[in-house]
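Student: So that we are looking at the same thing, I have put the structure below in structure tokens.
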Amino acid sequence: MSKVVCIGESLIDFMPTGEELTFVAKAGGAPSNVCACISKLGGTGCYLGKLSEDIFSRFLLKNMQKWGVNTDYTIIDKNYQTALAFVSLDENGDREFNFYRKQSCDLMLDKSEIPDNILQKGDILHFCSVGLVESPSKYAHLKAIDLAKQNNCIVSFDVNVRERLWDNIDNCVNTIKEFLAFADIVKVTDEELVLLTKQTDETKGVKQLFELAKNSKLLVLTKGSEGAVVYDRNGNNYFSKAANVNVVDTTGAGDCFIGCLLYKINCGDACLTVDGIKDAMDFASLGCGVVIGKKGAIESMPTQEDIKNLKNKLA
């Protein structure tokens, strides 16, 4: 069976409990969240990354394995520590992150540690921008992308900007633009679209982003409570409305959305055209409805039953 390989960070999200500066540890990190989403839906999600031997990485590894994530390509290195993110939530459940990530284990993944046979035809490689800061991880991403291209795999890029992890925003934007050229499918938020294109007009911004993502077949634009829309290079599009649910915590919602899409593409229920991904977009919107009704990221990722139950409830 083909698989989705997600490369990048796995870290601890310290979520607020409601009391001042009191937090509870949750497993997080966008690539591992996507892996968990795919695995919980019944697909094969493989985490390609580096963990430590500290208590936090042991917790992360245990959680990924609990939800069926394939960790055969996960490297353990006791020389580095796990990245930590302290999350604060506003009244709408939206997040702000404070990171502790200097020379953390995820950034020290070396290109030499990626097996040449990790990807085969029919697989998908997924990555985000968090692992692209100047570090060994950036060049490990480049090797993984090269292997994906050699084997005719789909490459997925969720931009997922975290400005505080970059020394300046120009480096962030320029690096993302460099990597956009490698992607077959790109996911951005409405805010990231403006950041990358300087366009507040959505149509103009989408056109400009496709010029940057010169090989991309689809662009997925998520808009929070306003839903999501997918575009192709010709301007054809499909809008999927957000599930009308009570928002508890939006952490992991974007990871769930792209995870649901990649699951559907990987199992043959969707393809890289607007018509071919419509049902998957609606499936992903329901999946996000499940996630935002719970706290945390990995553990809140939906199962098929969760999505079916929410669909029936909203009907």
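Student: Report the calculated FRET efficiency for Asn117 and Lys177 (r = Cβ-Cβ distance, R0 = 35 Å), to the nearest 0.05.
Tutor: Computed FRET efficiency for Asn117 and Lys177 comes out at 0.70.
Student: When all protein chains stay in place, what accessible area (Å², nearest 10, 1.4 Å probe) is found for Lys264?
Tutor: The value for Lys264 is about 40 Å².
Student: How many percent of the accessible area of the chain is carbon or sulfur, using a 1.4 Å probe?
Tutor: Answer for the chain: carbon and sulfur cover 46 percent of the accessible area.
Student: Here's something else I'd like to know. Give the label of the value calculated from the structure for Cα extents along the principal axes in Å, choosing from (1) 62, 42, 39; (2) 76, 46, 32; (3) 49, 46, 41.
Tutor: (3)
Student: Ignoring everything except DSSP H segments at least 4 long, calculate the 222 nm mean residue ellipticity for the chain; use -39,500 (n - 2.57) per segment, divide by total residues, nearest 500.
Tutor: -11500 deg cm²/dmol
Student: For the chain, list the DSSP H helices whose alpha carbon atoms reach 20 Å or more along the long axis and whose average Kyte-Doolittle value is -0.5 or above?
Tutor: 274-291
Student: Let me ask something else about it. Once both labels are modelled 7 Å past Cα along the beta-carbon direction, what's the Lys278-Tyr100 spacing in nm?
Tutor: Modelled inter-label distance: 5.0 nm.
The values are calculated or read from the model by the stated rules, or taken from the named source; none is laboratory data. Here the structure is a predicted model, which means the values were calculated and not measured. Here the Cβ is made from the backbone with ideal geometry for all residues, glycine too, and neighbour counts use every protein chain on show. Only protein heavy atoms, including side chains, enter the accessible area calculation; ligands, DNA and RNA are left aside. Shrake-Rupley method; radii C 1.70, N 1.55, O 1.52, S 1.80 Å.
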